[in-house]
């Protein structure tokens, strides 16, 4: 019962040690919490390295950074943003096109810590089943956020966006925002596995489209070593992305994980005792045929 | 699975997702509509576009909040009655100090705060209104003038109108009067009001202001503009004037007659003594 494992990664811990088997997880948490701390240093300690929040910020008083998703909604709402915001959005977009769009999800987004915790608890408590949401629902929701901005003339999605609510809440004050975060935690824990990040979140959907052809990818470089322990499938927040790269399908795919749903979180690298995975560039795909999307459609 | 069964499954699942997303979209749409209602005591930063445009332009980054040197601004949190994440302030708590360099506007990356506004006196965050004349102690004949004196555009945005105190019969009332052509809505007056509950409050301009129809023409304004009366020459006013005075409508109004030209003396004692003389 591979999929029912309570301790995915146990083999990797035995081989690589606890830190070796959690290397990328630890780095990601340092990144997520570190960014939060950078934003908090100003208001709490008066050290202004970066101010604002994930929607838009100003680093070192010169570098503007703007979330392209929220800016597009503002444009659809009929507004013409200033140059500062546009430049900031281009900088952010270029960054994610390089490092993988959904790296935003796993390396920056604070909700990821909440949903990862829920997923971890699901495994530990042996919770299975529950409702299923279409993994494409997020794209429908992405479209509906654009539509609402267009129709209402306001950035409607920002009224309920849990990513903004959590990050802005931690930096500027939470109010009753914890309620929504708790709801997402319970949704992922009790209602459906990885429901929020894996099926519903339009922010992740936007960044996956942004990073559709991103440079940095995970590669199943040594897939010949795979012993079918299934740990990577159990731990992966987007487990459908692994198969085409890991298992040489009849169509001939891999070893690079080309699906833009891969969040570049690196947990597969961590939990693999056989060191099958590593970070690589998308050009190093040895196979000529690329079926990035075919697999997504099938799912 | 046969082709038609596959197609059936695909269609039902698509319909299910579409319906779910449709319901969520509809609910968010309704909530969006409601969230436009800005409470009257929540004031947007200086230079904010009108509320509808502001909610499309403001991306809720909080950079204006960060650059406000007086911690006036805050971002609405879940539970506030203001659209989530947007900046506002409450005048009674911390008013806008009207910085000359307007750092909040400079910080705004999107233009939700109008970068074209370079003089803080042009800000129209709201309009102060002496909203309770029963509570305002100036109307009771007591000296206060705190709102008048605290006003950053002292004497222009809030003036003092001297009126007769009918109760005592011999004192003046110093009534604060807000002038909408100068008031920025900074809220300093509302915060400074000495009462338990402020008698002067900053209101949204559309709530606070009346508006005449365009067809109104005020004779005295039109006369000033034209340089002369538009309805014919002014007749000399001759009726019901105090004795010994004349009236110049074009100029100074009531004019006392030349001294010496009066049938009775300037000195009231002469009247009294004259009576005695007549005996």
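The values are calculated or read from the model by the stated rules, or taken from the named source; none is laboratory data. Model, not experiment: these values are computed from the prediction. Glycine gets a Cβ as well: all are built from the backbone with ideal geometry, and neighbour counts include every protein chain shown.
Brief remarks on what is shown
Yes/no matrix, rows are residues, columns are (1) touching a strand residue (DSSP E or B) at 6+ places or on another chain (Cβ under 8 Å); (2) modelled with pLDDT under 90; (3) in a loop (DSSP other than H, G, I, E, B):
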site	(1), (2), (3)
A:228	no, yes, yes
A:233	no, yes, no
A:245	yes, yes, no
A:248	no, yes, yes
A:260	no, yes, yes
A:265	no, no, yes
A:273	no, yes, yes
A:276	no, yes, yes
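- Per this entry, residue B:67 is counted among residues that are surrounded by 12 or more Cβ atoms within 10 Å (Cβ to Cβ), within 12 Å of chain A (Cβ to nearest Cβ) and touching a residue at least 12 places away in the same chain (Cβ under 8 Å).
- Residues within the stretch B:77-93 that are over 24 Å from residue A:46 (Cβ atoms), more than 8 Å from every other protein chain (Cβ to nearest Cβ) and in a loop (DSSP other than H, G, I, E, B), tallied: 6
- When residue B:128 is tested against the conditions (1) away from chain A (no Cβ under 12 Å); (2) farther than 19 Å from residue A:173 by Cβ; (3) part of a loop (DSSP other than H, G, I, E, B), the lone failure is (3).
- Residue match in the stretch B:43-52 (condition: within 10 Å of chain A (Cβ to nearest Cβ), in contact with a strand residue (DSSP E or B) (Cβ under 8 Å, 6 or more places away or on another chain), outside any loop (DSSP other than H, G, I, E, B) and free of Cβ contacts under 8 Å to residues at least 60 places away in the same chain): no
- Looking across B:257, B:208, one residue alone is at pLDDT 75 or above and surrounded by 10 or more Cβ atoms within 10 Å (Cβ to Cβ). It is B:208.
- Each residue in the stretch A:81-113 was checked for being under 19 Å from residue A:237 (Cα atoms) and outside any helix (DSSP H, G or I), and 5 of them qualify.
- Breaking point among (1) surrounded by 20 or more Cβ atoms within 10 Å (Cβ to Cβ); (2) in contact with a strand residue (DSSP E or B) (Cβ under 6 Å, 6 or more places away or on another chain); (3) within 24 Å of residue A:217 (Cα to Cα), for residue A:85: (3)
- Residue within the stretch A:92-104 that is surrounded by 15 or more Cβ atoms within 10 Å (Cβ to Cβ), within 14 Å of another protein chain (Cβ to nearest Cβ) and either at positive phi or free of Cβ contacts under 8 Å to residues at least 60 places away in the same chain (or both) present: yes
- Matching helices (runs of 4 or more DSSP H) fully within the stretch A:2-80 where at least 3 residues are under 25 Å from residue A:239 (Cβ atoms), at pLDDT below 90 and away from every other protein chain (no Cβ under 12 Å): A:10-20
- Tally of residues being within 13 Å of chain A (Cβ to nearest Cβ) and outside any helix (DSSP H, G or I) across the stretch B:94-112: 5
- Residue satisfying condition, being more than 44 Å from the chain's Cα centre (by Cα), within 11 Å of chain A (Cβ to nearest Cβ) and either assigned to a helix (DSSP H, G or I) or crowded, with 16+ Cβ neighbours inside 10 Å (or both), within set B:24, B:15: B:15
- Taking helices (runs of 4 or more DSSP H) as the structural unit, those lying wholly within the stretch A:114-224 and holding at least 2 residues that are farther than 30 Å from residue A:90 by Cβ and within 10 Å of another protein chain (Cβ to nearest Cβ) correspond to A:178-186.
- Among the criteria (1) touching a helix residue (DSSP H, G or I) at 6+ places or on another chain (Cβ under 9 Å); (2) facing another protein chain (nearest Cβ under 7 Å); (3) over 15 Å from residue A:157 (Cα atoms), the one residue B:61 does not fulfil is (3).
- Filtered residue count, the stretch B:206-221, keeping only those that are under 18 Å from residue B:178 (Cβ atoms) and part of a loop (DSSP other than H, G, I, E, B): 4
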